[in-house]
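Everything below concerns the one structure shown next.
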Amino acid sequence: MPTFTQADGADGIDGAAAERLATEQDHIVECLINLEEHLGRRLLDATMVAGVTLERRAKVLDDFATLWARYESYRIVAVEVRTIMARSPVTQADLREVRELVTRAAELAGAIQTIYGRIHEVVVATDEVWTVMASRIDVCDTLLDQAHTLVANLSLAAGQDSAAGVVTELADRFNHLRRIALADPLRFWAHGAVAVDEVDQLIAQCEQVRADLQTLAELRQHGPRLLDELNATLIEVRRLEEQISAERRRVNVKILAAPVMEEGAQSMDLLGPRLATALELYRCEHWRQLASDLPVLERDAQAARKRAQAELIETGRPLRQRAELRGRLSAYRAKAAGLGRIEDLALEQRYQRARTLLWRAPCDLAVAAAAVAQYQDAVNAMAAEEHSP
């Protein structure tokens, strides 16, 4: 806010007093005109206001009338000073009168500054509130438009979907807030700043519901692909479980007392109906329920695939153990041949016993492993004899 000061004290009268008063007068009138043209003042004049703003505007109008009246008095004083100081010669009586006029001008300048400050505070606050609130109202309006469009595209009804009801509620709150912001902006002015907590909270809630609806819209758009991928996962699970069943049967036939014996529950028996339900939810456009069920079903399908992959590996473990024993037996048979002991009767009997156990169905892995170990030990003992001095 500009400061209006009297250039001359009562004891400092000289020939330039009139010029200094004229300069001060020009400064004052320029400030008053700028205040009249301030955007906040124009907004107050051009808008139907109510409440706190209506009361403050009435006070501003009264203050403007008083302000211009004080300025007019100041102007008259300045003219009188110029008239007196233009006399020739200027008498002591003239100087005493000028001193009184200068004192009066200083009092008027102080009053003008006080009134100016009150008006300036109101018009600046009005401009600031409208500026700050307008940008936030635009953001909120855009978010609600997007939310309404999503609700319409998703064919959601307020009584059927929570988000649709929330959008309606938020729109009512927004319209109420916008009416207040336009009609009574100074209601949002507190402690020298715009009170934005309420509108910012509304924006956050609009963003949240818009994001929620956007998730449903993306599900509507990408649902066929997601359901196809889920179906492909379940087909893979079915294939793995069929392989597990086939492998289990092989193990039960070929391995005696295999640890994997019983058929487990088929994941497809549980997941298949849930996929059918998800497909029906998509067909019936029950987006909210589908958004809730589909991620869980996808997670369960992935878990079922991992379990099936691990179970397939575990189911075939006895056959891999038998294959490893067969490979070890063949390797030590070759080692015995390299030692020239292939014709050794006792060693050959151990080999034939281990081989018979490994190629018998069902194979007793524990007994076969012991027989292979005995043959291996015998071959290693012969090798040690070959290298002993």
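So for the range 212-347, averaging the separation of alpha carbon pairs under 8 Å that are six or more residues apart and normalising by length, what relative contact order in percent results? Relative CO of the range 212-347 lands at 35 percent. Over all pairs of different C-alpha atoms, the chain has a mean inverse distance whose reciprocal, the Kirkwood radius, equals 31.4 Å.
When you restrict to C-alpha pairs under 8 Å that are six or more residues apart and normalise by the size of the range 17-127, the relative contact order lands at 46 percent.
In order along the range 88-101, phi translates into HN-Hα couplings of 9, x, 8, 8, 5, 5, 4, 5, 4, 5, 5, 4, 5, 5 Hz, rounded to whole numbers, per the Karplus curve 6.51 cos²θ - 1.76 cosθ + 1.60 with θ = phi - 60° and x for Gly and Pro. Computing Rg and the Kirkwood Rh from the Cα coordinates of the range 144-214 gives a ratio, Rg/Rh, of 1.08. The mean sequence separation of alpha-carbon pairs under 8 Å and at least six residues apart, normalised by the residue count of the chain, gives a relative contact order of 14 percent.
Cα-based radius of gyration for the range 319-387, normalised by 2.2 N^0.38 Å, reads 1.07. Taking loop as defined by DSSP and a crowding limit of 13 other beta carbons within 10 Å, which GluC sites (Glu not before Pro) in the range 293-389 fit? Answer in residue order: Glu343. Remark on the range 199-336: Rg and Dmax equal 23.6, 90 Å (Cα only).
Residue-wise HN-Hα couplings along the range 197-212, as the Karplus relation 6.51 cos²θ - 1.76 cosθ + 1.60 with θ = phi - 60° gives them from phi, are 4, 5, 6, 5, 5, 5, 4, 4, 5, 5, 4, 5, 6, 5, 4, 4 Hz; Gly and Pro carry x. This ranking places Thr126, Thr47 by how few other beta-carbon atoms lie within 10 Å of each, fewest first, which gives Thr47, Thr126. For the range 1-150, what D do you get in µm² per second when you plug the Kirkwood radius from alpha-carbon pairs into Stokes-Einstein at 37 °C and 0.692 mPa s? Translational D for this selection: 183 µm²/s.
Bear in mind these aren't lab numbers, they're just calculated from the coordinates by the rules spelled out. Quantities reported herein were computed from a predicted structural model and do not represent experimental measurements. No Cβ is skipped: glycine too gets one built from the backbone with ideal geometry, and neighbour counts run over all protein chains shown.
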